[in-house]
Structure formats: structure tokens, C-alpha cells
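The values are calculated or read from the model by the stated rules, or taken from the named source; none is laboratory data. Every value quoted in this text rests on a predicted model; they were computed, and no experiment measured them. Counting neighbours? That spans all protein chains shown, and the Cβs are built from the backbone with ideal geometry, glycine included. The protein model used for the area step is the full one, side chains on, heavy atoms only, and it has no ligands, DNA or RNA in it. Shrake-Rupley method; radii C 1.70, N 1.55, O 1.52, S 1.80 Å.
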Amino acid sequence: MRTESLRNSGPRDDRKRPDPVTLHLRRARTATLLLAVGLTVSACTPTVDAEHASKQMQSLVRDTMNAAGGEWTSASDGPAGHACTTPDGGEGVWFSWDQDADGPSDPQAVMQRVDRVWRDKGLATTTQSVKRADGRTLHRVGSAGRDVDAIQFNATTGRMSINVQSLCGMGDIDDFTDDRGG
């Protein structure tokens with residue numbers, strides 16, 4: 001049995017943090033994904049409270065990291081809160097909590113494990129495998145609108161990443177910015 005470590009408490013000292021341009025590009029890709037998949041489900045998403053939205057998102061991210069294996073590094077010190085408007089027009093908070101890990105030797109198998117875990121949780125998923133310019137194949141699985149607004153898992157032999165946006169939950173952004181990394 002192979003033992004895989006899981007770490008999500010922040011960046012390790014020996015790992016290089018992504019540069020600001022890379023972080024900006026990740027956020028732009030995530031925003032594009034969220035817009036594409038989130039628009040189709042936003043009208044039917046029930047309103048939850050912000051704490052529940054954060055916990056639900058964190059649980060799905062942890063389950064994804066466990067399914068994928070590897071040693072994960074968070075892009076932030078914890079879930080970052082962002083102001084939003086709930087589906088019923090109220091003040092709300094959504095959270096992001098992106099993760100990175102070294103790539104596996106068989107990224108397609110890892111994508112399939114993540115897909116299976118998400119489907120077992122009742123999430124609708126979309127998978128995609130695309131050959132990149134560097135010759136590696138990018139394997140993706142995405143989901144939206146149930147436990148989170150949108151989540152995407154990406155894997156190549158070089159690295160894995162999780163990009164996620166929670167549901168917009170009722171709450172005040174000021175309650176989630178001082179001690180939660182937002």
C-alpha cells in the first residue's frame with residue numbers, strides 16, 4: 001500500500017510560491033470557469049449561510065485532495081472571503097481556496113478517481129483531456145452548483161491544482177476577513 005501525504009495548512013518553506021502573475025492567471029481562469037458553469041445554476045441555487053458555504057467548500061476540497069493524493073499547498077493561508085449578493089438579493093460572502101501539488105505519474109487515473117468521488121457525492125461532472133503545447137496532456141474534471149458554485153481539478157505529470165469558489169452564503173464579509181486570510 002502506498003502512503004501519500006496530505007498538507008493543506010499553507011505553503012512549505014521549501015516550495016516556491018507562485019508569482020503574482022501566475023496567481024492572477026489562475027484567478028482569471030477560475031473566473032472564466034465560474035462564469036461559464038455558474039450562470040446555468042445560479043437561479044436555482046438555494047441560499048445558505050456563509051459559514052455553511054465555507055465548510056461545505058472546504059470539505060469538498062479536502063475530499064478532492066484525499067482522492068488525488070500528494071502533498072498539497074494552499075495558495076492562501078485559508079479560505080479567502082469575498083463579498084457577493086445572494087440569490088435572493090441579500091448581502092453575502094463566497095470563498096476561494098485554491099490548492100497545488102506536484103503532478104502524479106498517471107494524471108488520467110487521478111482525474112478519474114476525483115471524478116468518481118465527486119459523482120459518489122451526487123455532483124454532476126464534466127471531464128476533459130487536452131494536449132498542451134509542451135506535449136503534456138492536461139486532464140480536468142469540473143463541477144458546479146451543488147456543494148460549491150464551481151470547482152475544477154487539473155492534473156498533468158508536472159502538477160495538480162484545485163480551483164474552487166463556494167456558494168454565496170448569507171453573511172457580512174467583515175466577519176470573515178480579519179482572521180481567515182481574506
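Screening residue 85 with (1) out of contact with any Gly (no Cβ under 8 Å at 6 or more places or on another chain); (2) open to solvent by 20 Å² or more (accessible area, probe 1.4 Å) gives one miss only, at (1). Restricting the first member to the stretch 152-179 and to residues that are farther than 18 Å from residue 57 by Cα and β-branched (Val, Ile, Thr), and the second to residues that are in a loop (DSSP other than H, G, I, E, B) and open to solvent by 30 Å² or more (accessible area, probe 1.4 Å), the beta-carbon pairs closer than 9 Å and six or more apart or on different chains are 156/132; 156/134; 156/136; 157/105; 157/106; 157/136.
Considering only residues in the stretch 151-174 that are open to solvent by less than 30 Å² (accessible area, probe 1.4 Å) and in contact with a His (Cβ under 8 Å, 6 or more places away or on another chain), the one that is farthest from residue 67 (Cα to Cα) turns out to be 169. The listed residues are 118, 94, and the only one of them that is out of contact with any helix residue (DSSP H, G or I) (no Cβ under 6 Å at 6 or more places or on another chain), open to solvent by 10 Å² or more (accessible area, probe 1.4 Å) and among the aromatic types (Phe, Trp, Tyr) turns out to be 94. Close Cβ contacts (under 6 Å, 6 or more residues apart or on different chains) running from residues in the stretch 69-89 that are under 14 Å from residue 53 (Cα atoms) to residues that are open to solvent by 10 Å² or more (accessible area, probe 1.4 Å) and not in a loop (DSSP other than H, G, I, E, B) comprise 80/96; 81/173; 81/176; 82/94; 83/173; 84/94; 86/170. Just one of the numbered conditions (1) modelled with pLDDT of 95 or more; (2) under 14 Å from the mean Cα position of the chain (by Cα) is not true of residue 71: (2).
Just so you know, in the stretch 49-63 the residues that are surrounded by fewer than 22 Cβ atoms within 10 Å (Cβ to Cβ) and in contact (Cβ under 8 Å) with a residue 12 or more places away in the chain include one that is farthest from residue 175 (Cα to Cα), and it is 63.
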